[in-house]
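Remarks on the structure that follows.
The values are calculated or read from the model by the stated rules, or taken from the named source; none is laboratory data. Please read these numbers as outputs of a predicted model, since none were measured by experiment. Glycine gets a Cβ as well: all are built from the backbone with ideal geometry, and neighbour counts include every protein chain shown.
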Amino acid sequence: MLTFLNAVQVILYVALLALVGQGVLFVLAGPKRESNLFYTLLRVISKPFTVPMRKITPRQVADHHVPIVTFFFLVILYAIVTFERADLCVTSNLVGQPGCR
């Protein structure tokens, strides 16, 4: 279970970093961001999370707000996984194990 939680935490971390990078490039690159290679790469990395979020959000949420909603949803998931991982390490006396550091 600890390995599963660690893997989920890493996946969420990578997605969060991709969304943060996408936001930074959104501000820095301006209107030319669509032709920016790194912006496109970050969109591809975050797409498995933004597409399902677009499907579950109401239509009133604009398309350019979906990455922001996805970011906050992933932050909440990351916090839940982190707390569950910490709880597992403490309750199972695994504090000294490599996965609990």
Out of L42, L88, sole residue that is at pLDDT 90 or above and among the aliphatic types (A, V, I, L, M)
L42
Looking at V66, V51 in this structure, which one is surrounded by 15 or more Cβ atoms within 10 Å (Cβ to Cβ) and assigned to a helix (DSSP H, G or I)?
V66
Filtering region 11-39 down to residues that are polar (S, T, N, Q) and in a helix (DSSP H, G or I), which residue is modelled with the lowest pLDDT?
S35
State which residue pairs qualify: first residue closer than 24 Å to V10 by Cβ and inside region 37-61, second residue assigned to a helix (DSSP H, G or I) and among the aromatic types (F, W, Y) in any location, beta carbons under 7 Å apart, and separation of 6 or more residues or different chains.
M53/F73
If you go through region 70-101 one residue at a time, how many are assigned to a helix (DSSP H, G or I), of a type in the set (A, V, I, L, M, F, W, C), in contact (Cβ under 8 Å) with a residue 60 or more places away in the chain and over 27 Å from V51 (Cβ atoms)?
3
Index of the failed condition, Y39 passing every other in (1) closer than 30 Å to G99 by Cβ; (2) surrounded by 15 or more Cβ atoms within 10 Å (Cβ to Cβ)
(1)
